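Asks: The structure follows.
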Amino acid sequence: QWANPNGTAQRRPNGSLVSSVGSVYADLKTTNTAAANTAALQSAHDSLAGRGGWVVMPAGEYDLYGTVTISEGDSAALGAQAVIIAGQGMGATALTQTQAGVPTFQKTGGHAHGFQDFSLYGPGTGNADSVGIDWTNVAGGSLWSNLWIEGFGVGARFVNATSMMFLNVHYYGNGVNE
């Protein structure tokens with residue numbers, strides 16, 4: 001596991017720095033049901049409530065079912081990014097949403113969070129409610145880096161979102177990107 005209870009900086013298996021503000025391991029498993037993987041991601045995220053930090057996902061291919069709701073963390077801990085959800089690389093960590101008609105990650109209001117180093121695949125429908133990442137009324141900086149988003153009705157939806165930075169983010173085969 002990459003969780004670090006003493007708060008010192010450490011590196012993930014791919015060599016990138018995790019953080020000195022704390023990190024939690026998302027207990028994703030290929031043997032889990034898709035709903036159990038979604039619950040594991042939600043639980044890892046929620047464990048950072050009020051303090052911020054990193055949700056670290058292992059390498060592998062994992063099915064999801066439903067929405068991970070991104071809530072507010074401690075925006076002072078990481079600047080404008082309260083929580084960063086990170087995999088082990090765009091080709092190493094792959095999440096596949098199996099439920100049509102829902103966003104996979106959704107944040108409404110508050111400060112922005114970050115995503116890095118994973119691939120996100122949709123259910124392959126043109127349904128406009130099938131959204132990879134839904135970002136609405138989010139203020140403050142947000143960094144998305146090394147992401148591949150494919151197969152959603154809408155790959156990423158931004159409504160009144162400000163101060164966003166994208167580095168090496170790819171959208172492919174989505175019905176619409178708003």
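Asks: Out of all the residues in the stretch 135-150, which are open to solvent by less than 20 Å² (accessible area, probe 1.4 Å) and either within 19 Å of Gly89 (Cα to Cα) or of a type in the set (Phe, Trp, Tyr) (or both)?
Replies: The answer is Trp135, Ser142, Trp144, Ser145, Leu147, Ile149.
Asks: I'd like to verify a number: residues in the stretch 50-89 that are touching a strand residue (DSSP E or B) at 6+ places or on another chain (Cβ under 9 Å), open to solvent by 50 Å² or more (accessible area, probe 1.4 Å) and at pLDDT below 95, how many?
Replies: Total meeting the criteria: 4.
Asks: Just for the stretch 27-49: of the residues that are open to solvent by 30 Å² or more (accessible area, probe 1.4 Å), hydroxyl-bearing (Ser, Thr, Tyr) and closer than 19 Å to Gly114 by Cα, which one is modelled with the lowest pLDDT?
Replies: Ranking the qualifying residues of the stretch 27-49, first place goes to Ser47.
Asks: Separate question: Would you point out the residue of the stretch 102-156, among those that are over 26 Å from Ala59 (Cα atoms) and not in a loop (DSSP other than H, G, I, E, B), that is modelled with the highest pLDDT?
Replies: Only one residue tops the list, namely Thr136.
The values are calculated or read from the model by the stated rules, or taken from the named source; none is laboratory data. The structure presented is a predicted model; accordingly, all values stated were derived computationally and were not measured. Cβ coordinates were reconstructed from backbone atoms using ideal geometry, including for glycine residues, and neighbour counts include every protein chain displayed. For the accessible areas, the whole protein counts, side chains as well, though only heavy atoms, and no ligand, DNA or RNA atoms are used. Shrake-Rupley method; radii C 1.70, N 1.55, O 1.52, S 1.80 Å.
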